[in-house]
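What follows draws every value from the coordinates through simple rules; no lab data is involved. These numbers were taken from a predicted model, which means no experiment stands behind them. When we count neighbours, we look across all protein chains shown, and the Cβ atoms used for this are built from the backbone with ideal geometry, even at glycine.
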Amino acid sequence: MRKKAMKGEPIFRKTPNGQLETKPSQESQNHRAGRWPFGAARQGCSTAPTAKKPEEVEAEAKARVLSEGGDPRNGFVVLSRCAIQFGMYKGRDFKWLLENDVSYVAKQDSLTRYAIAYHDVVNEVRVHRGYEEAKERSLLPGQEGEALIGFGKYKTETLQDLYKIRGRS
């Protein structure tokens, strides 16, 4: 029997002995069977499918959370409803993926381990995370200066930092 999870938290499937079920669920298998890995190319389309912009994905996730009665200001819940932008599970959200194919998520760990071997990738991830965190902080009243510049020479600096630098010049 499944227990009720908090909003945003997946309900993990378990084996009869209580272990995490890592085999794809029947729903996942059905989804895979009805989906071409590279749909546009296989269906004769001349244009490749494109991923949505992160802002669009986040806006859709917030709308989904709101429609489910959740709090769209809760970043964790919003993240759980973000749609995957590529691959066989394109269009499904993160929560669904954890509930239906943990093994797929585990395989992505290999990509992460490979990617973090490269300093430039680690740095870019760090900058992106910092940018997202600063963006969240800057939305709070009186914290507008916490927004990161996000590009160029000062991409890791906040607006507030930039004003301080200019004041010293």
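Note down the magnitude of the dipole of region 49-88 about its Cα centre, charges +1 on Lys and Arg C-beta and -1 on Asp and Glu C-beta and zero elsewhere, to the nearest 20 debye.
Its charge dipole is roughly 40 debye.
Show the residues, 5+ positions off or on another chain, whose built amide H is closer than 5 Å to the amide H of ASP93.
ILE84
Excluding SER25 itself, calculate the net charge of residues whose Cβ lies under 11 Å from the Cβ of SER25, where each Lys or Arg counts +1 and each Asp or Glu counts -1. Kindly include the intermediate steps, with their values, before the conclusion.
Values: positive: ARG13, LYS23, ARG32; negative: GLU21, GLU27, GLU99, ASP101.
Here the count lands on -1.
With the chain treated as a Gaussian network of Cα nodes joined by springs under 10 Å, which of GLY152, GLY69, GLY91 yields the largest mean-square fluctuation?
Evaluated over the chain, the most mobile residue of the options is GLY152.
Rounded, prolate or oblate: which one fits region 116-168, using the alpha carbon gyration tensor with axes a ≥ b ≥ c (rounded when a/c is under 1.5, else prolate when a/b beats b/c, else oblate)?
oblate
Over region 116-168, what is the relative contact order in percent, taking alpha-carbon pairs closer than 8 angstrom and at least six residues apart?
Over region 116-168, the number comes to 23 percent.
Using the 10 angstrom Cβ neighbour count as an exposure proxy, how do ARG92, ARG32, ARG81, ARG113 rank, fewest first?
Fewest to most other Cβ atoms nearby, the residues stand as ARG113, ARG32, ARG92, ARG81.
Rounded, prolate or oblate: which one fits the chain, using the alpha carbon gyration tensor with axes a ≥ b ≥ c (rounded when a/c is under 1.5, else prolate when a/b beats b/c, else oblate)?
Prolate, since a/c reaches 1.5 and a/b exceeds b/c.
Can you run phi through the Karplus equation (6.51, -1.76, 1.60; θ = phi - 60°) for region 78-90 and list ³J(HN,Hα) in whole Hz, with x for Gly and Pro?
Whole-Hz 3J(HN,Hα) from phi for region 78-90: 4, 4, 4, 9, 5, 7, 5, 9, 7, x, 5, 9, 3.
Per-residue ellipticity at 222 nm for the chain, helices alone: DSSP H runs ≥ 4 residues times -39500 (n - 2.57), over residue total, nearest 500 deg cm²/dmol?
So the helix-based figure for the chain works out to -14500 deg cm²/dmol.
Identify, among ASN123, VAL105, ILE149, the residue whose Cα sits farthest towards the positive end of the charge dipole of the chain, taking +1 on the Cβ of Lys and Arg and -1 on the Cβ of Asp and Glu, with the dipole about the Cα centre.
VAL105
As a quick test, which of the pairs LYS7/LYS135; LYS62/LYS90; LYS23/LYS62; LYS107/LYS135 have an alpha carbon distance above 21 angstrom in this structure?
Numbers: LYS7/LYS135 23 Å; LYS62/LYS90 18 Å; LYS23/LYS62 30 Å; LYS107/LYS135 30 Å.
Correct reply: LYS7/LYS135; LYS23/LYS62; LYS107/LYS135.
With the contact rule set at Cα under 8 Å and sequence spacing of 6 or more, what percent relative contact order holds for the chain?
Relative contact order, the chain: 17 percent.
Counting Lys and Arg as +1 and Asp and Glu as -1, each charge on the Cβ, what is the dipole of region 85-144 about the Cα centre in debye, to the nearest 20?
The calculation lands at about 140 debye.
What dipole magnitude, in Debye to the nearest 20, does the chain give about its Cα centre under +1 on Lys/Arg Cβ and -1 on Asp/Glu Cβ? Show your work: numbers first, answer last.
Details: 30 positive and 22 negative charges, 72 e Å.
Dipole of the chain, to the nearest 20 debye: 340 debye.
Could you list which residues have their amide H under 5 Å from that of ARG13, counting only those 5 or more apart in sequence or on another chain, with H placed in the peptide plane?
The answer is GLU21.
Pairing the Cα long axis of helix 102-115 with the longest principal axis of the chain, what angle in degrees results, from 0 to 90 and rounded to the nearest 10?
Roughly 40 degrees, rounded to the nearest 10.
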